[in-house]
Amino acid sequence: MRRAFGAGIPRWDEPLTISLGGERVVYIFAFGVVVFIGYTGSPEERRILDVLREAVEPRPREEEYREEYAWVPGSAPRERRGIRVQLPSGAVVIRNEAIYGPLDETAKRILALVIAQSAALRRLEAEADSLLEEVDLILESLVSSRMPRIGRARQSLIQALRTRNTLEGDLLILEKPPAAWEDERYERLLEGLRYVFEIEERYTALDRKLSNTLETIEVIVSLVNEARFILLETLIVLFFLLEILLTLVK
């Protein structure tokens with residue numbers, strides 16, 4: 001996504017914003033997530049997605065990660081269930097992965113950020129699961145005394161490092177956007193949304209999974225390299241023995 005729009009999109013919480021009129025807004029985040037607020041499925045909205053798909057290199061995978069959540073712009077329900085926040089635009093209630101009440105521009109940006117982080121986490125969780133499956137296959141090779149190719153192990157290591165870097169470098173889940181630092185009401189909105197979407201719990205679980213995967217792959221790479229060195233040393237010894245035998249024969 002960053003390549004598609006160059007330096008025009010800052011990192012993390014400052015997305016490219018496109019207003020489509022009324023309550024409809026599009027937020028394009030540099031870490032590869034597009035969030036529509038007030039999505040209707042109009043030709044204009046679908047055209048934006050088509051342009052983004054064509055612009056992104058490498059081409060996006062066939063499987064797209066989508067999440068849909070309800071926003072009811074009307075007045076917030078009076079029931080006590082859920083998290084209630086009094087914003088400048090009026091009372092807002094967060095409940096069951098839905099948000100009720102009027103949202104100003106700052107609230108929309110915070111909502112878009114949390115949804116974008118949730119969608120990005122879902123993609124990274126799938127990548128981590130694929131990595132675990134690949135590591136299991138490599139471990140099976142070791143158990144059956146079939147030494148895996150070093151290139152395969154190194155590729156898994158690179159992928160794990162890339163996923164970990166995306167998690168820590170792009171999402172910055174533990175950081176707060178400026179509005180949450182400056183206004184306690186927006187901080188409560190941010191924390192409420194993070195709680196509903198279980199952002200921090202998912203982040204911690206994914207970080208632990210990636211750490212364990214990295215440690216396992218590093219051990220595998222070390223074992224494969226050690227086996228290659230032993231084989232090389234054995235071949236060198238055999239070469240010298242062969243030279244000695246040839247000398248004795250002469």
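Readers should treat all values here as calculations from the given coordinates under stated rules, not as data from a laboratory. The model shown is predicted, which means the values in this text are computed figures rather than measured ones. Note that each Cβ is placed from the backbone with ideal geometry, even for glycine, and that neighbours are counted across all protein chains shown.
At-a-glance table
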quantity	calculated
For peptides 237-247, 114-124, 186-196, 205-215, sequence by mean Cβ density within 10 Å, most packed first	114-124, 186-196, 205-215, 237-247
Net charge of Cβ neighbours under 13 Å - reference SER19; Lys, Arg +1; Asp, Glu -1	-1
Computed label-point distance, nm, for sites ASP104 and VAL237 using a 7 Å Cα→Cβ extension	7.7
Sum of side-chain charges, TYR203 neighbourhood, beta-carbon under 13 Å (Lys, Arg +1; Asp, Glu -1)	-2
Distance-filtered residues of the stretch 180-202 - backbone nitrogen under 12 Å, label point 7 angstrom along ARG81 Cα→Cβ	none
Estimated FRET transfer efficiency (LEU137, GLU44; beta-carbon r; R0 51 Å; 0.05)	0.70
Gyration tensor verdict on the stretch 68-109 (Cα atoms; rounded if a/c is under 1.5, prolate if a/b is larger than b/c, oblate otherwise)	oblate
Of all DSSP beta bridges in the stretch 67-112, antiparallel share, percent nearest 5	75
